[in-house]
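The values are calculated or read from the model by the stated rules, or taken from the named source; none is laboratory data. Quick caveat, the model's predicted, so the values are computed rather than measured. Cβ atoms come from the backbone with ideal geometry, glycine included; neighbour counts cover every protein chain shown. Areas reflect the complete protein model, heavy atoms only, side chains present, ligands, DNA and RNA absent. Shrake-Rupley method; radii C 1.70, N 1.55, O 1.52, S 1.80 Å.
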Amino acid sequence: ARMRLPALVLLLAAGLLHTQASPLARSFQLDYEHNCFRKDGAPFRYISGSIHYARVPRPAWRDRLLKMYMSGLSTVQVYVPWNYHETLPGVYDFTGNRDVEAFLDLTAELGLLVILRPGPYICAEWEMGGLPAWLLWKPDIILRTSDPAYLAAVDSWLHILLPKIKPRLYQQGGNIISVQVENEYGSYYACDYGYLQHLLGSFRALLGSEVLLFTTDSTQAEELRCGTLQGLYATIDFGPESNVTEAFGAQRRVEPKGPLVNSEYYTGWLDYWGEAHASTSAAWVARGLEDMLQLGASINMQVVGWQRAQPPGEYMFHGGTNFAYWSGADYKDQYKPVTTSYDYDAPLSEAGDPTEKLFAIRTVISKFQPLPVGPMPPATPKYAYGRVALWKYADLLDVLDVLCPSGPIQSQFPLTFEALKQAHGFVVYHTQLPWDVPDPTMLGAPPHSICDRGYVMLQKEYQGTLERDRQATLHVTGRAGDTLDILLENMGRISFGANTSDFKGLLGNLSLNSRPLSNWLIYPLAIDTAVQQGWPHAALPKSSSEGSMGPAFYTGTFETPGIAWDTFVNFPGWSKGLMWINGFNLGRYWTCRGPQQTLFVPGSVLHIGRPNNITVLELEGAPPTPLLLFLDRPLYNRTL
């Protein structure tokens, strides 16, 4: 008997391990008879919130996810931006801030389920809706359709991404309970069922037959017609301004049975450059949430008060920041670029701080399910590091040898960013005046051909700015042979609507007195590469003009008092540009247009015990005494 007992224990242990490891022991399914989800056979309703790992520095992931968990959320919804990972065809980056597997593993560690939205298109007010700009190297490609060139690129990407996802599916022992196919496809003009069918086949082949696949669209009948497909569970999105019963009635027209699901319940709204800072009532959001929970619906909270005249937009529980060049744009009668801050008046602020809206939502959730035991983690500490003086390092045109080390490309007429294989940032177009221009003469471009802003210099003197859908002409004077330079800025590709093929640069011939200019030298600039390698701080001082107008680099340093806390940098008297700290691109500022007046600086990019290197590229005009002001809170125009 003593010998048989260990053997029995071993057999029982082996059986237990087999049960735990078997995918069949875990299930997440639709129950059409009882109109609910079933998790491991039991009725289940999720309360979820969206977070984008690409907008949150990796050191802050745990803090943000823990706050979401302590808010009462059982689930987080996560986009995967294709262009964030496949930076060039066949070149992938899943390291550091881009380590999506580490992010997903952290959600599991903290006890959160995941709804994954891997695209390939995601919208999200993200550059080109997550589609890589290199797709446009083939100018006639038709995005988000059955175009063979597009499908080949999509298939290649999904064969890289989805095998990383499959082991993390709930049925495989992970925490991903469902996966969205495409994103709000019904709002896209193409209405290509063959494309959706192709994606469905790819997702099934790579993820298996058990995973729950779904779509999300607005409540509009036409969008639900074009965005849904048999084999994909149809969910909807709407905000607190909608009648909940009517909105779910739209879902019932395409899914007569099954759980009610609002995949994007909008808790806030986005900011565009040049418009007022948006906010949404906490009480209004909480009331709409309670109405849906009383109906037994599953909900994912995001941050945009959707109206039919607006794009479906975003819907974050925590928004974060559009660092570097990742902010997208909308097109509504004109090009509307999105701000660097992705705060969106979300329940967790841009810096990850709990807001009044979060506590209102938490109170509603507590009426329907127990909250986790313990206090809500506090706001992250902030520090006002004060004033930091900068000095002018060089005019941009004086350092083209550093920023474009391979030299210029010669072309009879201008080339687009895509023809140059330049995804983001800036390109300089250089030529000479072909004749004397003694009287003010119009320098202009065809309609819609400045994408997106062109900073014009004649003999290296700043003349003014050409801007997409706003300013297409300037008047100049000069002599034959005078140098003419236009610095073209890409402000972010359109992320929503039919205009996702958003080419950048000079899309048409620039003309002088209606006569086309030619013989261009074109410089694609690699500014971030230079800054990340220590330039200009590691370079010898540059001799440049003392003037403060036009594109120029400014540098400075500051030290922290033994701490590296989050902070916000203000730009008093500056116009528009970008800023780097220790090689990290914080994104665009545009103080003269607003509403955003400060950039968020994560404490994780700061040094302790050695200088922090600041580099600023000012595009229009710096103040006579260039300085920055580090604050412990953000500023918008309305709060100045």
*Calculate the spin-label point distance for R287 paired with W391, positioning each point 7 Å from the Cα along the beta-carbon direction, and give it in nanometres.*
5.9 nm
*Among all the lysines, which ones have a C-alpha under 29 Å from K67's C-alpha, if same-chain residues fewer than 8 places away are not counted?*
K39, K164, K166, K357, K367, K382
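Of all accessible surface on the chain at a 1.4 Å probe, what whole percent is carbon and sulfur? Can you show the working numbers first?
Working: 13070 of 24150 Å².
Its accessible area is 54 percent carbon and sulfur atoms.
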*Using Cα centres only, tell me the gap between the range 40-88 and the range 154-213 in whole Å.*
18 Å
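Working out 0.36 nm times the residue gap between I563 and Y92, then minus their Cα-Cα distance, what length gain in nm do you get to one decimal?
That works out to 166.1 nm of additional length.
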_Can I get the semi-axes of the range 346-476's equivalent ellipsoid? Compute them from the C-alpha gyration tensor as square roots of 5 times the eigenvalues, in angstrom, largest first._
50, 20, 17
_Limiting things to C-alpha atoms, what are the Rg and the maximum Cα-Cα separation (Dmax) for the chain, in angstroms?_
26.3, 110
*Might you report the magnitude of the Cβ-based charge dipole of the chain about its Cα centre, with Lys and Arg at +1 and Asp and Glu at -1, to the nearest 20 debye?*
1580 debye
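For the chain, what's the relative contact order in percent, using C-alpha pairs closer than 8 Å and at least 6 residues apart?
Numbers: 1513 pairs, mean separation 86.2, N = 640.
Computed value for the chain: 13 percent relative contact order.
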_Which of I47, G111, A205, positive extreme of dipole for the chain (C-beta unit charges)_ = G111
*For a quick protection proxy, order the peptides 534-542, 230-238 by their average other-Cβ count within 10 Å, most packed first.*
230-238, 534-542
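Plugging the Kirkwood radius over Cα pairs into Stokes-Einstein for the range 28-367, at a temperature of 25 °C and a viscosity of 0.890 mPa s, what D comes out in µm²/s? Before the final figure, lay out each step's value.
Details: Rh = 19.8 Å.
Rounded, D is 124 µm²/s.
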*Give the cross-link partners of K392 among the lysines, using a straight C-alpha distance below 18 Å as the criterion and excluding same-chain residues fewer than 8 apart.*
K460, K542, K576
_How large is log10 of I(q)/I(0) for the range 406-525 at q = 0.15, 0.18, 0.20, 0.23 Å⁻¹ when the intensity is taken from the Debye formula with one equal scatterer per alpha-carbon?_
-0.62, -0.88, -1.08, -1.42
_Cα centre as origin, Lys/Arg/Asp/Glu Cβ charges: the range 28-367 dipole, Debye_ = 720 debye
*Work through the residues other than T75 whose Cβ is under 13 Å from its Cβ and net out their charges, Lys, Arg +1 and Asp, Glu -1.*
+3
*Answer with one residue from L65, A423, G621: the one whose Cα lies farthest towards the positive end of the charge dipole of the chain, charges on Cβ with Lys, Arg +1 and Asp, Glu -1.*
L65
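So how strong a dipole does the range 216-304 carry about its Cα centre when Lys and Arg Cβ are +1 and Asp and Glu Cβ are -1, to the nearest 20 debye?
The calculated dipole for the range 216-304 is roughly 360 debye.
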*Please identify the cysteines of the chain that lack any partner cysteine with a Cβ under 4.7 Å from their own Cβ.*
C36, C123, C404, C451, C592
*Filter the GluC sites (Glu not before Pro) in the range 536-632 to those in DSSP coil with at most 16 other Cβ atoms within 10 Å of their Cβ, and list the result.*
E546, E559
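Tell me, what is the per residue accessible area of the chain in Å², probe radius 1.4 Å?
Value returned for the chain: 38 Å² of accessible area per residue.
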